[in-house]
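For reference, the structure is listed below as structure tokens.
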């Protein structure tokens with residue numbers, strides 16, 4: 001942004017006088033602008049305590065709401081300021097006002113799209129146990145998809161699911177496509193296609209999934225001890241150094257590491273038990289187990 005300067009003498013040192021509402025040149029005195037708005041508070045504070053008490057602001061912007069939480073709402077309590085119930089005639093009037101207020105606040109197609117998409121996003125995020133801040137990140141990513149016109153010709157649910165998957169990966173949260181697909185009721189292939197499309201179009205910096213992120217989740221689901229988790233993470237660290245993880249599904253590698261670690265610690269779980277928790281086949285676990293055993297020279301007989 002170019003620096004403001006005096007049109008008369010070219011001086012860049014301008015003085016803002018909020019009492020007069022003017023911007024004047026400090027060198028020649030020319031009034032460059034007048035009737036300017038004072039964007040500061042209308043109160044004065046003489047110490048930090050007063051400043052803290054008088055500081056105020058509205059509700060924070062929430063991307064999980066179609067209107068970002070910046071509009072007023074008529075509540076459902078049907079009571080006056082003293083807490084007494086209002087008459088049935090007034091209640092009917094307020095009902096009509098609420099209805100038309102809701103219709104007016106969701107007027108454009110974009111707002112209607114957001115109203116459907118964000119409720120679906122909230123539903124899926126609740127099932128996945130995602131935090132409030134992560135939901136906000138998902139909603140922001142979905143809004144970017146709308147602004148870029150990436151929704152056109154695609155199912156709202158598939159783009160919502162893809163946004164959740166991308167956000168989870170960017171924040172290192174272990175959530176698989178299979179989990180999201182089962183909750184959303186959308187085919188895994190469809191979500192994957194939408195995810196690749198938005199990642200390419202929005203130029204998202206999505207890191208490769210680290211298999212170690214899944215270990216605590218699998219260990220907890222199988223009721224295994226902290227020793228198993230520690231041993232599995234150590235195995236994955238060694239596998240990563242040897243380059244055994246690249247080109248393989250992170251859940252399969254992670255499940256195999258947990259399977260091996262559980263046996264070495266003496267808390268053995270069957271391949272079927274581990275496969276059910278990880279959402280992979282027993283064949284995948286066997287293949288990954290053989291690779292890890294051979295390359296890391298593990299002395300394990302399972």
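Here are a few things to note about the model shown:
- Residues (modelled with pLDDT under 85 and loosely packed, with under 11 Cβ neighbours inside 10 Å) located in the stretch 94-109: 103, 104, 107, 108, 109
- Condition met for residue 234 (outside the structural domain of residue 128 (by TED's automatic domain parsing) and part of a helix (DSSP H, G or I)): yes
- Residues (surrounded by 10 or more Cβ atoms within 10 Å (Cβ to Cβ) and either under 30 Å from the mean Cα position of the chain (by Cα) or assigned by TED's automatic domain parsing to the domain that holds residue 122 (or both)) located in the stretch 64-90: 64, 65, 66, 67, 68, 69, 70, 71, 73, 74
- For the stretch 91-141, taking the residues that are in contact (Cβ under 8 Å) with a residue 40 or more places away in the chain and under 20 Å from residue 72 (Cβ atoms), the one that is nearest to the chain's Cα centre (by Cα) is identified as 118.
- Residue ID - farthest from the chain's Cα centre (by Cα), chosen from residues in the stretch 30-52 that are exposed (fewer than 10 other Cβ atoms within 10 Å of the Cβ) and at pLDDT below 75: 44
- Condition broken by residue 245, with the remaining ones in (1) outside any loop (DSSP other than H, G, I, E, B); (2) touching a residue at least 12 places away in the same chain (Cβ under 8 Å); (3) in contact with a helix residue (DSSP H, G or I) (Cβ under 9 Å, 6 or more places away or on another chain) satisfied: (1)
- Listed by position, the helices (runs of 4 or more DSSP H) contained in the stretch 110-228 that have at least 1 residues being at pLDDT 90 or above and outside the structural domain of residue 262 (by TED's automatic domain parsing) are 132-147, 156-170, 177-184, 188-201.
The values are calculated or read from the model by the stated rules, or taken from the named source; none is laboratory data. Because the structure is predicted, anything quoted here is derived from the model rather than measured. Here the Cβ is made from the backbone with ideal geometry for all residues, glycine too, and neighbour counts use every protein chain on show.
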